C-alpha cells in the first residue's frame, strides 16, 4: 500500500521515481530539500518502499537502482521492501511480523502463545463489547489521548488523512472495544491492499490495556479472516515487547532492509550518521 501515487502524494514532501525500461521495475524516491540540499528520507507511515516489479528482482538489478540514485541527493535513507536484498551493499535488517490467515481458526489458535491463550480466555469472559461501528475521528481521538509513540499534531492529522484515503476506496476496517458504559477503550485500524491487511493504528486507554481489550480485537480479526488468502501485516517492530506481542499470535518475521548513504559535505556529516 505504501507506494500508490495518491498515498505518496499525501505522505511525501516530494517524490520522484527511477524506472527500469518500460516500467519493468519502479523505485520511488521520497525526498526533501533544505538549504538547497536534497535528501531522501523515511516518510511517515511508510514502512517499506524500494523497488517494485511484477517479476523477481535479481541482485544485480537492485545494485543497478542503488547506483542510479542521482548524485544531487546528498543523504539517502531508504527502507527497501522485504523482496529487495543484495549482499553487495551494506544493509541493516529490520523486523516486520506477518501472519498468514489461510488456515482454519482453530488450527491457527494452536500456534498462539500460552500467554495469549490465557489473556484471550480471560477477556472473553468479560462484558466488553466488540464493535466495527466506529468513525475514523473516534479512532484518532483514542490515539491522540493515548499517544505513547509521541506522534506530533501534524503526524496525527496525516494519519487521519491516510485513513480517510483508504476509507474512500473501501479498504479500511476499524475494530474497537467498548466497556459496559459504551465508552470506546481500545481501537485498531486495518488498511487492505492486495492480499495484505496492515495494522496501521492501535491504541488503548489504560482501561483497555488493563482489560486486555487488544487481544479481543486481534483475535476477532484473525477469526473473521481465517481460511482466506489474506496476510495480516503487523508493521513491525524492533521493540522487544511489541515484537513478542506480534509473535504471540503465531506471526513470523519477514525482515526488510534499510540503506543509508551520506554524501553530505564534511562539515555537515556530523548531523547525519
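Only one of the numbered conditions (1) within 29 Å of residue 266 (Cβ to Cβ); (2) touching a strand residue (DSSP E or B) at 6+ places or on another chain (Cβ under 7 Å); (3) in a loop (DSSP other than H, G, I, E, B) is not met by residue 2, and that is (1). For residues that are in a loop (DSSP other than H, G, I, E, B) and closer than 16 Å to residue 50 by Cβ, scanning just the range 88-121, find the one that is farthest from the chain's Cα centre (by Cα). If we take residues in the range 88-121 being in a loop (DSSP other than H, G, I, E, B) and closer than 16 Å to residue 50 by Cβ, then 88 is farthest from the chain's Cα centre (by Cα). Residues in the range 69-81 that are closer than 13 Å to residue 258 by Cα and either more than 19 Å from the chain's Cα centre (by Cα) or loosely packed, with under 15 Cβ neighbours inside 10 Å (or both): 1 in all.
Can residue 139 be described as within 22 Å of residue 202 (Cα to Cα) and out of contact with any strand residue (DSSP E or B) (no Cβ under 6 Å at 6 or more places or on another chain)?
no
When you check residue 176 against the structure, is it modelled with pLDDT of 95 or more and either out of contact with any helix residue (DSSP H, G or I) (no Cβ under 8 Å at 6 or more places or on another chain) or closer than 30 Å to residue 6 by Cβ (or both), yes or no? When the stated conditions are applied, residue 176 passes them. Only residues that are in contact with a helix residue (DSSP H, G or I) (Cβ under 9 Å, 6 or more places away or on another chain) and either surrounded by 15 or more Cβ atoms within 10 Å (Cβ to Cβ) or at positive phi (or both) were counted across the range 179-210, and they come to 20. Reported count of residues in the range 61-75, each being under 23 Å from residue 23 (Cβ atoms), outside any loop (DSSP other than H, G, I, E, B) and in contact (Cβ under 8 Å) with a residue 12 or more places away in the chain, is 7. Just so you know, in the range 145-160 the residues that are surrounded by fewer than 16 Cβ atoms within 10 Å (Cβ to Cβ) and at pLDDT 95 or above include one that is farthest from the chain's Cα centre (by Cα), and it is 145. On the stretch given as the range 15-31, residues that are touching a strand residue (DSSP E or B) at 6+ places or on another chain (Cβ under 9 Å) and farther than 20 Å from residue 66 by Cβ total 0.
Checking each residue in the range 11-55 for being buried (at least 17 other Cβ atoms within 10 Å of the Cβ) and within 16 Å of the chain's Cα centre (by Cα) picks out 11, 12, 43, 45, 46, 47, 48, 49, 50. Would you confirm, using the coordinates I've provided, whether residue 118 is touching a residue at least 60 places away in the same chain (Cβ under 8 Å) and either surrounded by 14 or more Cβ atoms within 10 Å (Cβ to Cβ) or in the same structural domain as residue 222 (by TED's automatic domain parsing) (or both)? Taking the combined requirement at face value, the residue does not satisfy it.
The values are calculated or read from the model by the stated rules, or taken from the named source; none is laboratory data. Treat the numbers as computed from the prediction; the structure is a model and nothing was measured. Here the Cβ is made from the backbone with ideal geometry for all residues, glycine too, and neighbour counts use every protein chain on show.
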